Each structure stands twice: as structure tokens, then as C-alpha cells.
């Protein structure tokens, strides 16, 4: 695969499934084991719409597949959303706490400022 | 290091690093992963100097770190 | 009499305590006091909007309805029809006691949401706490439906699809820059020469458009040939411009009608009734015609600004109000004496409040990078006329006095200093600074006029019209000089240059190979190898960001486009092209250099401790940086103590100059869509805080999480240990014409030292040294640590304390704790 195609694959994963139009119910639901509650989730500081990258899984992974696909080699982390269901992810590790303080500033490792994450600080 | 608020004990690096009081001083603000208290930490000795108390207003978290962070050596 | 004496006594007491905000309240008129207190603050508190501030949902619904209806129209016409539909149907209001009208939302507490800008911003809005109008569930449903309709169809979606995928992914990582490559968000210059100097009302412009259409139709109805083909598209654009100007006149007339309805049916106070009738007459006259009075002049300007902002989320407010409104002020106050100076001050103060009110829903990075404000409304005052004579006038003074009475954080002023400025004007400038406003910033007019000619080839007369395009960058207000759109995505997080040079282009925060692989730093044999890696990373980073803007500009007429802005641009009205088209523009681009000084300080520390003194190996340093200096506090302090910028130390200052000259060289290798240069402009707003957990540990001794320096060429907070003259001397080594487009310098001064006449004389002497050294910019914070700490402890009591953050001012209580502490960390210089 050439350079352009490789990056196209990454770009598609950033714009594809995770940003698809969803219903209010889908948008509001935060599963018990959500990516945003995982230690390995790094929130994107540009698009603070709740998207982020996994620090372990790389592009090509699919935690929604049955069985899930885990790719850990590669140069770009797997794009995912704060409320993506990570119940089937072997690498899910619940954070001790998350920071929901929107009056401070970007902190990819700890902060999750989405309205749906309020009250999930502990 | 031991949290002065909840007695949680772990290596300094386990406490969430927030930011420094001054770049040229060894006082930094860290957060306890257990009770989430903000702590003023002496990075040279790895010990908590005091709790940093956020106020109730969303904008002003009166830290009270003034006087703690003198120029280092 | 006794009461007046009591007030005077109390003012003197407050002056002693330097509680200027209470003085302002006592000194301003009842009208200004009401208007100032009635306004909704739209700037974010840290990154969150204030309680009660809501997103306006009426405007995106109106826009979407009509935009979808006309789906087969060409871009500008389609947008003009949809925007005209907004202007004809949006709810409007008149604030009690107001003499000026116009807002970008349908109620005073709302934020404009441009739904066609970026899907990711729309998604962010859906997830944002606190901004949904009640009932929340119904609003969420409405927003979800709107977002579904626009998913993948916004301006940024379209640019991102055609950008090189590698550029798109790296840009959207959020690590190297911000902004958006579209005119949906950005800094839009206004063609003041066309609107104000040439005195064109919208009906005058429509006449010009009709002439252009007639001329084009002579061609399209004549002998066929390839030369007439582009005219078909331009004719549609002229139709669009005409349509939006007509809708704008109708919009103003709706205010006139509302004012008359209130006056005739509801208002019982005869004085207010008269004011409402005058307001109605004003809106019936402008923007249709050129203004005849100060009130009409200010109202015309405000309408232009609001209409442009309903069309796009503009992040800046380039303006030169004392210059362009002077003719009407002079006529009303001095010649015809239609109004008193006090009445003029009321209008000027309200003009500032109306601008302060304006706010749109911005993405979180913008809120965090511009904490406390909604955009950089930096208005330009002073300077010279086109013939080089002093342009300061009594309206300059009126703006400076009004600012002290209304004490808004936005707009702020930047003052074009030159040697001919009269002492009484300088005293007014100083009074604003002494009152803790943090503005005006001081700009060196002769240096910046030369700079505008050097980098962008603006002719002398045009260069002399310059205004602040955003916080710092000068831009003319002339036909070919005015810049329709500065897209902020050429804003570089420069600290990444040295970070990537250390880590072979790899970013440990976003865990991605970002920059080129410039080699394992542990194997660099000398400083020159390290510096060469830095140069490559600098070139890669600036190239990547500039590519996004160039493509955004080139495609913008198709992907977004600005019918209203075009209709107010002489060159667009003449050519029939969208104002954002690069055709006809001279070019005035710049790369904003956030987090710049960290490069010089980090390079110097590595040179000193790794290559010269050999106290540490590069491998040891890399290990310490990758573990955020954990357990290496002694070593970190050694790196902090290495030579630092701002102390007149050639060891590090020479590295700073080398870095700047490499960028200046590269600035001429890269070109904007107009074929002009891309010079660097180091400054920060509060991006130094936004990026604090995105830039990894650095060799200047900073950890991941620590605030970056406060920007431009300002030394690191607390690291300028040799006094103010040493700071000025370091900064004076830079060639402020040839090394870059402008250089921001923050300084903190002691309010106690600068009290009274002695204080003014000290400050004046400081400014003389600054000017003699050829610096182009300086701005001051003059609020004591005690006041700022008291404000942290008791924010309710200190709501009106203003501080200079970087290229802008903000109320201290509106900035995040980390930003507050960063300001307190800055050295207070005794002069």
C-alpha cells in the first residue's frame, strides 16, 4: 500500500463509523465500560466532540466485531469515541477517576468534558 | 508519597501531575488518584507540603500556594 | 453639592486603593452603567460558557430550511438566499436605553451557531454542557436532527476530504496547530476605505453592482468567445451580492419598525420616546446610505460587523474607529455642535458594549485559547494618516476615556505609537494601562509600516492605513491590501519543533509519527546536528499548516463563500468574484507562532549541558523527558538554570536569532495563494495553557502539564531575572522588520511604582527606550499580585478585575486557574 492509501485508511477511520449520524438515544448512552472511562483513551484536543485515540490499539482494530480485532502494531492509534462500548475490549482498564472540569483546559489523559460524562468523575 | 487527605500511598508519579507553581521552583501541584485532592508537592523530597483547596466558584479555586514557591537555590 | 463632594472623596479613596472598577461605576452615565450591567458575557470561563448563555437554534433552522430548498443554485447565490432568509425572519430585540442595535442572535443571551462550518463543532455543541435552550430534550432532538442533515456537508468536511490524508490526520490530531481552513471561522478584514472613506452606503454599492452587471451583459449578449464565459458565474455572484445587501437594508428597517412600535405604543418616558424615534431614523438611513452623524456612523459600522458575523463566525474584529468615525464626530461635536462631548462619550461607550456582547459558539480549543472572550476584538487607535501626519484626534481620546468607564475585556485597543503623538494622548493611553485594563498594547508605527512594505509589498500610503487583522498582525484597509480571511489554521504550536527534533519526529502525547524522521537524537555528535534536525522539523510543521490554509483559501468560494463580505469589498464588487478568492488581493498571510521561545531556551539548554559542558548525555536527557522528569528534579533544575532568553545573554539570544532567521528564510520559500510570503508572528493568546498537556516535557525544564511561556518573544515567566532593560535589550537584538511579521512582548509593571506623575514619567522613559531599540510591540499588566491572589480567594468581589493575557485582555475571574497562576508567575519589573 502506498503512502496516500495508508493515510487514507487512517483518515477513513477518523471520519467513518465513529462520526456517523446517530439518534438522541445512541448519543446519550454511555456504557459502563466506555472508551472514555478507560486509562488508554486520549481525548482529541482539536475536535472536542468526544473523539479520541486509543493508546494501545492501532488503526485496523475493531472492538465492535465478533470476535473483536486487536491490532497493536502501527503508527496511528485507533480512533474511538468517549461513549464507544469497550465491553469486548481486552485492553479496557477503568480509570481511577476522570476530570470533567470544563473550566480548565485540554488534558488528553484525564479530562472528559462531554455533558454525558457529568457525574462519572469517580 | 502519602496523601495528607486520605492517606493513599504510592510512588509520586502515580499522583496526577497538574502543573508547577513556578518553573524554577520544586513545588508542583498533583492530584491524589484516590480522593482527588490537589496537593502541593515538593518534587525534590517527594513529599506533600500541603493540600491545595479549590473554592466553590467554577472560576476561582483558591489554591493558596503563594509563599510556597520561592526561587530554587 | 454635598453629595458631589462625597462622591469625589470616595473616588479619591478608591484611586488610592487602585480599585478602578468601582471608580468606573461612579463616573459613567446612568445609561452606560445600565447597558454595561445588562450585557451578557459570552466569553467562556476557562473552557465553559457562563450559566444562562445558550446556543441560538432559530438561525441554523432558518438557514438550513432555505439552503436545502435552493440546493441546485451556485454556491454564493445559494448562501445569499439562505442568509437573506435569516435576516428577514430572525427575532430581533432592542435593549432598554440602547441607542445602537444589532445582534448575532435572537435574544441577548444567545450564541450564534454557524451550522455549516464544521461537523465536529456541531457534534461538540451537542455534547456541550449547559448551552442547550430549555426545554433541553427538545433542543437536543433539534440539534441531533440538524447535525444529521449537515454531517459530512460542512465547509471543513469538504476541505478535509481533499486535503492530503496525511496532512488531514496530522492536523486534526490537535498537536501541531489549531484553526480551521475555511472562512466559516477566521479573521475577516473590512474594506473601510470603500465603506467609510469613500462614503458608500449599501444603495450606492447596489448601483455599482448594477453598472457592473450592465457592463458584463453587454459582453455576454455580444460576440461569443471564451473570454466571456467566466462572466456567467460572476453575474450570479453579483446577483447574490445585491440580494444580500437588499436583505441587509430590510433587516435594518425591521429595527426601525420595532423602535417606532415601541415608541408609539409602549414607551411612556418622552425622552426615551425621542431616542427611539432617532434610532428608527438612524436605521432607516444606514446602512442604505452613507452616515450623516456620529450615531449613524457607529450604527453603520455595527451593522456591517453584525451582518458579517451572521454570515460566518468571525474570530477577530479589525477596526480603526477613531480614524473612520472621526469625520462624523468632528461634524457633530466640534463643527455643528449637534451633540455634546458627553453625549458622544455615551455613544462611544455603548459602541464598545455592543461589540462586547457579540458571541458565537466556538469549538473548545478556541474557548481555551481565548479564555474569557469570544474573539480577538483588537481595535486600532492612533497612528498616522496616509500622508504620514499624526492621525490622533479627540475621538482617539474619547475611545480611551470611554474604555475606562465601560471596562469591557473585548474589544481591546492597540495604539499605533509614533514620534509625533502628543503628550496629552500618551497620558490617556497610560491612564488606561494604569487602570489595569491591560490595553492599549503599544505598537511601533514606523517599524510596522516598514514591515508591511518589506514582507507583503504594500505601498507606503496603503501600509499607513493598517489595522490589527487579529491580535497583532498589521493589515491595510485598502482595495488590494485588505485581507478577506485570515484562516487560523496556520497557527503553529512551535514547541513541537524542538520536541520532534528530540524524538525523531514522534509525538508521545498523541502517539503518532508526526514530523520527519530526523534521526535518533542520542546519536547526534554536536549541536549543529541537533539544530539541523530542528530546522527540518520547523520546515515540516510550517509547510503542513500552510498547505491547509492555502487549499482552504483556494476552495473557499466553492465550499463556503461570503456573499455579504464580498458585497462590502470594492474589488469583489468590481470583479464579481467572491471576496475570499485570492484574485485581486495582494496577500497578507502570516504564521502565528504559539509557544515559540521554548525553542530557543530548549536548544540553548541542550547546547550548554549536553554538548558544551557535557554534564548529561543526550540519552539521559531523552529518558528524563519521556518520563516527564519524574525522579530527576535535580537534573531538571540544572536545565532550568541554563541560559534563558530575556536576560541579554548572547549565548541564548544568538540561538533565538538563528531560529528566527531560519524561519524568515523559509517564509520566502513558501507562498500564499496570492503568491506572497508567509512570515512568522510569535504570539500566544492563551494557547500556552491550552497546549500545556499536549506539549511533552522540554529541555527548558518544563514538564508535560506546565503552562508554556506566555508568548511571542516574552521571556519565560520568572526567568527574566536581569530586569526590564535586559528584556528590552534581548528583544532589541531581533530585526523587527526582517525577522518576522511582529513580535509580542508581555511585561508586568508595578502599580505602586507607576502611581502619579512620577509613574507616568517613568513609563514614558521606558517607552522611549523601547522605541529606540526598534521593538514593534509591548503590552502591560499593571495589577498587583495581592489583588490577583485576593481575586482568586474571593472571585465574587473581584468580578471586574481585568488582566492582559497575551494578545488580548480578559476579566481575571473568567480565565482558568492555570492561566491565572501563569499570569501571577510573570515577573513584575521595576522600571
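Of note:
- Any hit, segment A:62-76, residues being under 21 Å from residue C:127 (Cβ atoms) and facing chain C (nearest Cβ under 10 Å): no
- The listed residue being buried (at least 18 other Cβ atoms within 10 Å of the Cβ) and under 14 Å from residue A:116 (Cβ atoms), out of A:98, A:63: A:98
- Within segment C:726-761, being more than 30 Å from residue C:455 (Cβ to Cβ), part of a loop (DSSP other than H, G, I, E, B) and within 28 Å of the chain's Cα centre (by Cα) holds for C:750, C:751.
Conditions tested, residue by residue: (1) closer than 25 Å to residue C:678 by Cβ; (2) free of Cβ contacts under 8 Å to residues at least 24 places away in the same chain.
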site: C:470; (1), (2): yes, no
site: C:491; (1), (2): yes, no
site: C:501; (1), (2): yes, no
site: C:516; (1), (2): yes, no
site: C:520; (1), (2): no, yes
site: C:527; (1), (2): no, no
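- Among the residues listed as C:372, C:349, C:383, C:360, the single one being closer than 24 Å to residue C:438 by Cβ and out of contact with any strand residue (DSSP E or B) (no Cβ under 9 Å at 6 or more places or on another chain): C:349
- Some residue of segment A:26-40 being over 28 Å from residue C:136 (Cα atoms) and either surrounded by 18 or more Cβ atoms within 10 Å (Cβ to Cβ) or in contact with a helix residue (DSSP H, G or I) (Cβ under 8 Å, 6 or more places away or on another chain) (or both): yes
- Against the numbered list (1) within 29 Å of residue C:824 (Cα to Cα); (2) in contact (Cβ under 8 Å) with a residue 40 or more places away in the chain, residue C:650 comes up short only at (2).
- Just one of (1) within 14 Å of chain B (Cβ to nearest Cβ); (2) closer than 21 Å to residue B:28 by Cα fails for residue C:621. It is (1).
Table: residues versus (1) at pLDDT below 95; (2) at positive phi; (3) in contact with a strand residue (DSSP E or B) (Cβ under 7 Å, 6 or more places away or on another chain).
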residue: C:449; (1), (2), (3): no, no, no
residue: C:466; (1), (2), (3): no, no, yes
residue: C:475; (1), (2), (3): no, no, yes
residue: C:493; (1), (2), (3): no, no, yes
residue: C:501; (1), (2), (3): no, no, no
residue: C:513; (1), (2), (3): yes, no, yes
residue: C:519; (1), (2), (3): no, yes, no
residue: C:522; (1), (2), (3): no, no, no
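Every residue, every condition in (1) at pLDDT 95 or above; (2) within 9 Å of chain C (Cβ to nearest Cβ); (3) surrounded by fewer than 21 Cβ atoms within 10 Å (Cβ to Cβ); (4) assigned to a helix (DSSP H, G or I), yes or no:
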| residue | (1), (2), (3), (4) |
| --- | --- |
| B:7 | yes, no, yes, no |
| B:50 | no, no, yes, no |
| B:55 | no, yes, yes, no |
| B:70 | no, no, yes, no |
| B:73 | no, yes, yes, no |
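- Failed item in (1) surrounded by fewer than 22 Cβ atoms within 10 Å (Cβ to Cβ); (2) more than 18 Å from residue C:704 (Cα to Cα); (3) within 13 Å of chain B (Cβ to nearest Cβ), with residue C:638 passing the rest: (2)
- The condition of being in contact (Cβ under 8 Å) with a residue 24 or more places away in the chain, at negative phi, over 26 Å from the mean Cα position of the chain (by Cα) and more than 7 Å from chain A (Cβ to nearest Cβ) holds for residue C:162.
- Enumerated helices (runs of 4 or more DSSP H) restricted to segment C:252-371, each holding at least 1 residues that are under 20 Å from the mean Cα position of the chain (by Cα): C:294-311, C:321-324, C:341-357, C:364-369
- Filter result (part of a helix (DSSP H, G or I) and away from chain B (no Cβ under 12 Å)) within segment C:768-803: C:768, C:769, C:770, C:771, C:772, C:787
- Boolean, residue A:78 is within 26 Å of residue C:692 (Cα to Cα) and modelled with pLDDT of 95 or more: no
- Of the residues making up segment C:42-65, those that are more than 14 Å from chain A (Cβ to nearest Cβ) and either within 10 Å of residue C:131 (Cβ to Cβ) or touching a residue at least 24 places away in the same chain (Cβ under 8 Å) (or both) are C:42, C:52, C:56, C:57, C:58, C:59, C:60, C:61, C:62, C:63, C:64.
- For segment A:112-122, a residue qualifies if it is at the interface with chain C (Cβ under 8 Å from one of its Cβ atoms) and either on the phi > 0 side of the Ramachandran plot or touching a residue at least 40 places away in the same chain (Cβ under 8 Å) (or both), and the qualifying residues are A:113, A:114, A:116.
- Selection from segment C:87-141 of residues that are under 24 Å from the mean Cα position of the chain (by Cα) and either at the interface with chain A (Cβ under 10 Å from one of its Cβ atoms) or outside any loop (DSSP other than H, G, I, E, B) (or both): C:110, C:111, C:112, C:118, C:119, C:120, C:121, C:122, C:124, C:125, C:128, C:131
- Residue within segment C:237-249 that is more than 14 Å from every other protein chain (Cβ to nearest Cβ), in a loop (DSSP other than H, G, I, E, B) and either crowded, with 18+ Cβ neighbours inside 10 Å or touching a strand residue (DSSP E or B) at 6+ places or on another chain (Cβ under 7 Å) (or both) present: no
- Residue C:619 touching a helix residue (DSSP H, G or I) at 6+ places or on another chain (Cβ under 8 Å) and either free of Cβ contacts under 8 Å to residues at least 40 places away in the same chain or assigned to a helix (DSSP H, G or I) (or both): yes
- Of the residues making up segment A:98-115, not one is assigned to a strand (DSSP E or B) and over 25 Å from residue C:812 (Cβ atoms).
- Any chance residue C:208 is surrounded by fewer than 24 Cβ atoms within 10 Å (Cβ to Cβ), facing chain A (nearest Cβ under 10 Å) and at pLDDT 95 or above: no
- Taking the criterion of being without any contact (Cβ under 8 Å) to a residue 12 or more places away in the chain and in contact with a strand residue (DSSP E or B) (Cβ under 9 Å, 6 or more places away or on another chain), no residue of segment C:314-346 qualifies.
The values are calculated or read from the model by the stated rules, or taken from the named source; none is laboratory data. The structure displayed is predicted, hence computed values, not measured ones. Heads up, the Cβs are rebuilt from the backbone with ideal geometry, glycines too, and the neighbour counts pull from every protein chain shown.
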